[in-house]
């Protein structure tokens with residue numbers, strides 16, 4: 001590298017250092033943090049139930065459904081239906 | 001059974017300031033507001049600086065930095081390559097800039113924030129105006145470089161990163177970064193030093 005090149009290099013470096021970065025806008029970090037937390041909050045499930053609770057609730061619903069089906073008398077078309085499919089076939 | 005969901009934002013919990021980024025990300029994903037704040041505070045200045053060098057406008061730099069930081073919880077350590085969180089953040093700024101560049105109409109002149117716009121009020125003296133003029137010229141010259149060269153200059157010159165680190169961010173070899181810097185410097189010399197003569 002010649003003396004002229006070195007001088008040019010130094011001059012270029014000096015010039016480039018003139019470009020300063022503006023400071024971070026006030027409150028920027030706070031705004032971004034709030035946005036991240038808000039987004040994260042929105043992603044949370046509507047039913048914040050644990051899997052165990054979900055299984056228990058489904059089991060209770062199934063038992064209640066079966067009990068209702070057994071104890072309720074048949075109505076409508078179901079009331080007129082034959083007692084069993086085998087009877088119908090014979 | 002109580003069906004209401006607590007929709008209030010999570011409160012700050014004390015977070016040790018010396019925790020590493022990966023731990024903070026894990027805690028942030030679990031809803032730790034303190035960890036989110038610490039992560040953002042730790043990286044926002046750097047990300048904003050890089051975005052500003054790449055975009056040249058404060059408003060756009062703010063948008064880019066915000067986009068990148070909001071997505072930082074998506075960071076997953078690679079299975080084969082482990083570039084690390086800080087590299088990932090810098091690469092995200094570059095990728096965002098590439099996206100913007102692609103969508104931008106080629107004939108649209110975006111321009112830069114002139115340095116004189118930075119401070120309002122006080123009348124500027126001649127020396128200050130001359131320095132600002134220099135600064136504007138440098139900013140315009142750097143912003144005129146192709147994106148890769150601009151990023152190489154930003155990382156290696158302004159962010160003082162090593163060639164190897166810049167190569168990881170840009171996903172190129174060290175030799176390629178050297179070549180980018182060489183071409184960038186030649187262009188900057190032509191623009192800035194030839195103008196002086």
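Computed from the coordinates by the stated procedures, all read-outs in this text should not be read as laboratory data. Just so we're clear, the structure is a prediction, and the values are computed from it rather than from any experiment. Don't worry about glycine lacking a Cβ; one is built from the backbone with ideal geometry, like all the others, and counts go over all protein chains shown.
Calculate the mean, over all residues of peptide B:66-75, of how many other protein chain Cβ atoms lie within 10 angstrom of the residue's Cβ. Don't jump to the answer; show the numbers that get you there.
Numbers: counts 5, 1, 1, 6, 7, 2, 2, 4, 0, 0.
That works out to 3 on average.
Just tell me how shielded B:38-44 is by partners: mean number of partner chain Cβ atoms within 10 Å of each residue's Cβ, no decimals.
Numbers: counts 2, 4, 10, 6, 1, 2, 8.
Mean partner shielding for this stretch: 5.
Could you list B:43, A:41 in order of exposure, starting from the residue whose Cβ has the fewest other Cβ atoms within 10 Å? Display every interim value, and only then the final one.
Working: B:43 21, A:41 15.
Arranged by neighbour count, lowest to highest, B:43, A:41 become A:41, B:43.
For a quick check: sort A:3, B:191 by the number of other beta carbons within 10 angstrom, fewest at the front. It would help to have the intermediate numbers written out before the result.
Numbers: A:3 7, B:191 16.
If I rank by nearby Cβ atoms, fewest first, I get A:3, B:191.
Ordered by packing density, taken as the mean number of other Cβ atoms within 10 Å over each peptide's residues, highest first, how do B:15-25, B:85-95 rank?
Details: B:15-25: 13.9, B:85-95: 19.9.
Averaged packing, sorted descending, gives the order B:85-95, B:15-25.
Once you have the Kirkwood Rh of segment B:156-197 from its Cα pairs, apply Stokes-Einstein at 25 °C and 0.890 mPa s and quote D in µm²/s.
Estimated via Stokes-Einstein, D reaches 221 µm²/s.
Quick one: in segment B:25-104, what % of C-alpha pairs are over 21 Å apart?
Numbers: 941 of 3160 pairs.
Distances greater than 21 Å cover 30 percent of the Cα pairs.
Taking neighbour counts of Cβ atoms within 10 Å as a proxy for exposure, in what order, fewest first, do B:53, B:29, B:96 appear?
Working: B:53 23, B:29 14, B:96 19.
Ranking B:53, B:29, B:96 by Cβ neighbours within 10 Å, fewest first, gives B:29, B:96, B:53.
Please compute the average number of Cβ atoms from other chains found within 10 Å of each residue's Cβ in peptide A:3-15.
Numbers: counts 0, 0, 1, 0, 1, 4, 3, 0, 4, 8, 2, 1, 10.
Mean shielding by partner chains, rounded to a whole number: 3.
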